[in-house]
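The values are calculated or read from the model by the stated rules, or taken from the named source; none is laboratory data. Only a predicted model underlies this, so the values are computations on that prediction, with no experimental measurement involved. We place every Cβ from the backbone using ideal geometry, glycine too, and count neighbours over all the protein chains shown. What goes into the accessible areas is simple: the full protein's heavy atoms, side chains included, and nothing from ligands, DNA or RNA. Shrake-Rupley method; radii C 1.70, N 1.55, O 1.52, S 1.80 Å.
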Amino acid sequence: MLKVIDLSNHQRGMSLDTLKADAFILKATEGTYFIDDTCDTFVQQAKKLNKPYGVYHFLDQNDVIKQADFFLTHIKGYLGEAILVLDYEEYGKQGAQKAKEFLDYVYKQTGVKPLIYMNESDANSDDWLDVVAGDYGLWVAKYSQHTPVVKQWPSYAMWQYTSTPVDTSYFYGDKLAWQQYATPKKTITQQKDAYHTTGTRFEALRTLVIQADESFKKASGMHFSKSTVFDIEQICHTKTTTHACILYNHRKVFVTLHKDYVRKID
């Protein structure tokens, strides 16, 4: 069993080596608009401490597929290392089927089965049987000395038992089990016809988040709005995506070349 602490920008400046934890889960994104700028700092600290980590997306009322895309855009550099989590609570509760759409999309794109986080009441008040059948593990919150009781999952992967002084959970497994949650369960092969592999000038078909590094770990703070036309320096490939290197404001930045996002002009 591992003791897990989850953190976000609310704990900005905290040093992970001061916390008695075996692993960490860190907020990455929320909705389609918020990038937690403390995430990568915490990730790098966790890696330096040689401790497992995960990243999560806080769901809001926006389109769940757009949110999943937004999440994946900002955590590409952590795939294969991090447990992925959908945080399902408060104003983001769209129903079990919408949550499953998010989970299915992330799994399809990455091969990683995300966990879903919710409180004990929500875990028992909706029909989660399709999510359970999809083999998506549960991280359940109940601030009590008494363990949660869930009626639809046969078991749960984690129990968040307190928020004092920080959110803390038990993970019911060892580091190897953690890595199994983080490792793709199927091999994702790039669909060549889904990306532009040639071209020098493109038009954005929707708002694009511009990445500050080639591993897609950090956003640059810039966006290309829909219909923006841009020239590229070169095309780059990874195991899961094809993207363009752009010289913009005297710096190199990166943007996806997925055909759903950009149209080739030249």
Options Val112, Asn124, Gly95, ranked by Cα towards positive dipole end of region 94-143, top entry (Cβ charges): Val112
Extension gain (nm, one decimal) between Glu233 and Thr162, 0.36 nm per residue minus Cα-Cα: 20.6 nm
Contact order normalised by residue count of region 152-266, Cα under 8 Å, 6+ apart, percent: 25 percent
For q = 0.11, 0.16 Å⁻¹, Debye-computed log10 I/I(0) when each Cα of region 68-177 counts as one equal scatterer: -0.35, -0.75
Residue-averaged 222 nm ellipticity for the chain, from DSSP H runs of 4+ at -39500 (n - 2.57), nearest 500: -6000 deg cm²/dmol
Nearest-20 debye value, the chain charge dipole, Cβ charges on Lys, Arg, Asp, Glu: 700 debye
Directionally averaged projected area (convex hull, Cα atoms, region 223-266), nm²: 3.4 nm²
Dimensions in Å of region 139-189 - Rg and Dmax from alpha carbons: 13.7, 45
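Any number yet on Rg/Rh for region 129-266, C-alpha, Kirkwood?
Dividing the radius of gyration by the Kirkwood radius yields 1.15.
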For the chain, the fraction of alpha-carbon pairs in successive 10 Å shells from zero, as %: 7, 29, 34, 20, 8, 1, 0
Overall Cα dimensions of region 24-131 - principal axes, largest extent first, Å: 40, 26, 25
The chain: angle of helix 64-75 to the longest principal axis, Cα-based, in degrees nearest 10: 80 degrees
Farthest positive-ward along the chain dipole, Cα basis, beta-carbon charges - from Val4, Gly31, Leu16: Leu16
Residue order for Met222, Met1 - accessible surface, 1.4 angstrom probe, largest first: Met1, Met222
Share of Cα-Cα pairs in region 83-123 lying beyond 11 Å, as whole percent: 63 percent
Residue-by-residue Karplus 3J(HN,Hα) for region 138-144, coefficients 6.51, -1.76, 1.60, Hz, glycine and proline x: 10, 10, 10, 9, 7, 7, 6
